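Undergrad: What follows is a single structure, and I will ask about it in a moment.
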Amino acid sequence: MHPIERLRMVARAAGDGPALVAQEAAGARVAFGDDPAGLVTACHRLVDRQPTSGPIWWLAARVLTAADPAQEAWQAVERLQDDTTAEQLSASLPDGVVLTAVGLGEHLGDGLARRGDVQVLLVETDMTDRSFLRRLHRLGNDVDDVPAGGLGAAVTESDLVIFEATAFGATGLVGPSGSRAAAAVGRHAGIPVWAVGGVGRALPGRLWDALAGRLDDDDEPWLAAEEVVPADLVDQVIGPRGPESLQQAVHLADCPIAPELLKGAE
């Protein structure tokens, strides 16, 4: 298959988590190692089709600034495959916790599935991975479906509010629609709010601003599948290093700034 066609397939991927899509994209980008112009075009195409995926921006920035893009792409795949975020989340959850989860992303769903003693009040969204929901039920976890109108009531009955962030920066995090409302209710009620991150989801200032600007351009944000949750509504981020503040997670981000990704965004 021609690399352009493979990238088009990756760009159209729906239903897969951002880490998995980024791994597939990395494999496709290796074919552009001797074609710098084609690599830039390919990176723009993927970012345009997956604009809120932190791992896609992270991967694009790394290969565009690398002396050896092909080697960098494979190293990025290894980083994504070795991500321990789900394990860190499972180990960080208090015993017997009752939590409100807004959607089920790849790391959040995997982390919850590793535990058998939590009660999940699940607010389903367009970002809910149904395979993880089936896995939770199959493993005997206590999962209650919460309609959107019951989000506030569910949060006030919980010990913890949690959502998966596909990307984040110093001023906010991208989560499933409903995350901002759940986080705001949690903050008002004094209930901790956690975001689940992962490799490639922390972005430096200019890249984060460019990504967040894609959501700001939506003329009907109330219909969007994702939204930006302000940084001051989130207590901590769970990532491959375990729990840490949002500021610490962003400070330790290993994503360079690729000027090619900012053209037309500023």
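Undergrad: In terms of the Cα gyration tensor, with a ≥ b ≥ c the square roots of its eigenvalues, is region 33-154 rounded because a/c is under 1.5, prolate because a/b exceeds b/c, or oblate?
TA: In terms of gyration-tensor shape, prolate.
Undergrad: Another question, if that's okay. Going by amide H atoms built from the backbone, whose H comes under 5 Å of the H on Glu227, apart from near neighbours?
TA: Gly175, Ser177
Undergrad: Classify region 128-240 as rounded, prolate or oblate, taking a ≥ b ≥ c as the square roots of the eigenvalues of its Cα gyration tensor: rounded when a/c is under 1.5, otherwise prolate if a/b is larger than b/c and oblate if not.
TA: Verdict is prolate for region 128-240.
Undergrad: Continuing with this model, one more query. What does the highest-first list of 179-190, 42-53 look like by mean Cβ count within 10 Å?
TA: By packing density, highest mean first, the sequence is 42-53, 179-190.
Undergrad: Another question, then. Can you work out the accessible area per residue across region 100-185, with the rest of the protein chains kept in place, probe 1.4 Å, in square angstrom?
TA: 38
Undergrad: Shape verdict for region 35-105, please, from the Cα gyration tensor: rounded (a/c under 1.5), prolate (a/b greater than b/c) or oblate.
TA: Oblate, since a/c reaches 1.5 and b/c is not below a/b.
Undergrad: Would you mind putting 86-99, 105-118 in packing order, based on average other-beta-carbon counts within 10 Å, highest first?
TA: Final packing ranking: 105-118, 86-99.
Undergrad: Report relative contact order for region 163-266 in percent, whole number only (criteria: Cα-Cα under 8 Å, sequence separation at least 6).
TA: 36
The values are calculated or read from the model by the stated rules, or taken from the named source; none is laboratory data. All of these numbers come straight from a predicted model, not from anything done at the bench. Positions of Cβ are backbone-derived with ideal geometry, glycine not excepted, and every protein chain shown enters the neighbour counts. Keep in mind that these areas ignore ligands, DNA and RNA; they rest on the heavy atoms of the full protein, side chains included. Shrake-Rupley method; radii C 1.70, N 1.55, O 1.52, S 1.80 Å.
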